[in-house]
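Beneath this line is the structure, given in structure tokens, with notes to follow.
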Amino acid sequence: MSRKKILAGNWKMYKSINEARNWIRVFQGSKKGVLHVDILLFPAYTTIYPIGKEASKANISLGAQNLHEAEEGAYTGEVSGKMLVEAGADWVLIGHSERRILFGEHDERINLKVLRALISGLKPILCVGETLEEREANQQEDVVRRQLIEGLKDIHPDDLYQVVIAYEPVWAIGTGQTATPQDAQEMHSFIRSIIGSQWKSRIAESIRILYGGSVKPDNAKELFACPDIDGGLVGGASLKAETFLSILRAF
Ligand code: PGA
């Protein structure tokens with residue numbers, strides 16, 4: 001089964017609207033020849049709408065870094081799925097480790113967010129991954145299994161085709177420490193086997209699983225060559241269009 005690759009840039013709380021426009025200009029100027037990869041960018045909420053036209057001309061899909069699980073309501077400071085769609089988002093990151101750790105998001109809430117994303121017409125990227133402590137205690141498979149099963153609870157199997165999984169070991173995010181291609185491949189294959197045993201093998205074969213955690217131009221090629229790694233979710237190295245393009249060339 002051939003799965004279309006994805007390269008996604010998570011801009012976190014960086015980049016003004018103007019900086020985002022410049023990024024797209026540079027990217028657009030030199031991206032030629034790599035049309036077989038889905039390119040996704042996750043800017044700040046406030047940047048999604050203003051860069052919509054430029055992004056679409058450059059064949060870039062936009063997503064948000066989070067959403068609230070309710071349809072609407074008295075939730076000061078929050079943003080709904082419907083609002084994100086209206087602003088031009090097609091995708092949404094859910095359960096990023098920074099949301100889990102810094103904002104206390106747990107599996108139950110993450111699951112409600114995945115459900116809300118799907119109802120709203122957004123494609124969720126569910127992020128999973130163990131901490132350093134969990135890996136040292138050899139609990140990585142238990143943690144990732146729990147995050148997957150809880151995070152995808154009550155999702156209709158047909159809707160799972162809309163979902164992408166990102167395996168991001170927490171100890172590799174922003175640290176310069178990457179999982180070895182072997183470790184990453186092992187976990188990706190494990191994730192695929194969980195999807196196959198909980199749902200259907202057909203879904204497991206077609207679901208795209210991204211690797212995230214210190215992806216850089218010099219390690220991207222080896223990671224993306226692994227059979228179960230369908231692309232990358234890139235933080236720090238996505239902030240410069242030139243670096244992101246070098247990673248894109250790794251495909
Ligand atoms: P990093 O971040 O590439 O800077 O490690 C990845 C992420 O947080 O998604």
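Rule-based calculations on the coordinates, nothing more; no lab input. Values in this document were obtained by computation on a predicted structure and should not be read as measured data. For neighbour counting, all protein chains shown are included, and Cβ atoms are generated from backbone atoms with ideal geometry for every residue, glycine included.
Computed values, structure above
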| read-out | value |
| --- | --- |
| Net lengthening on full extension, Phe103/Glu205 (0.36 nm per residue, minus Cα-Cα) | 33.4 nm |
| Stokes-Einstein D in µm²/s, Kirkwood radius over Cα pairs - segment 73-210 at 25 °C with 0.890 mPa s viscosity | 158 µm²/s |
| Set Lys4/Lys113; Lys32/Lys240; Lys4/Lys31; Lys31/Lys82 screened for pairs whose C-alpha atoms are more than 28 Å apart | Lys31/Lys82 |
| Fewest-first ranking of Asp183, Asp159, using other Cβ atoms within 10 Å as the exposure measure | Asp183, Asp159 |
| Sequence of Phe103, Phe42, Phe251, Phe224 once ranked by neighbouring C-beta atoms within 10 Å, starting from the fewest | Phe103, Phe251, Phe224, Phe42 |
| Residue-span extension gain [His156 to Met13] - 0.36 nm each, minus C-alpha spacing | 48.2 nm |
| Cα Rg, Dmax, segment 144-251, angstrom units | 14.2, 41 |
| Relative exposure of Ile60, Ile125, Ile209, judged by other C-beta atoms within 10 Å (fewest first) | Ile60, Ile209, Ile125 |
| Listed residue (Ser238, Leu122, Leu223) projecting farthest to the positive dipole end of the chain, Cβ model | Ser238 |
| Average Cα contact separation per residue, the chain, under 8 Å, 6 or more apart, as relative contact order % | 20 percent |
| Span-rule helices in the chain, defined as complete DSSP H runs reaching 24 Å or more along the axis (Cα) with Kyte mean at least -1.0 | 181-198 |
| Virtual paramagnetic centre 7 Å along Cα→Cβ of Thr180, amide N under 14 Å, in segment 205-240 | 223 |
| Value of Rg/Rh across the chain [Cα atoms, Kirkwood radius] | 0.94 |
| Selected from Thr131, Thr175, Thr76 as most flexible by GNM, with the chain as the system and alpha-carbon contacts under 10 Å | Thr76 |
| Estimated dipole of segment 5-248 in Debye, rounded to 20 [Cβ of Lys and Arg +1, of Asp and Glu -1, Cα centre] | 1000 debye |
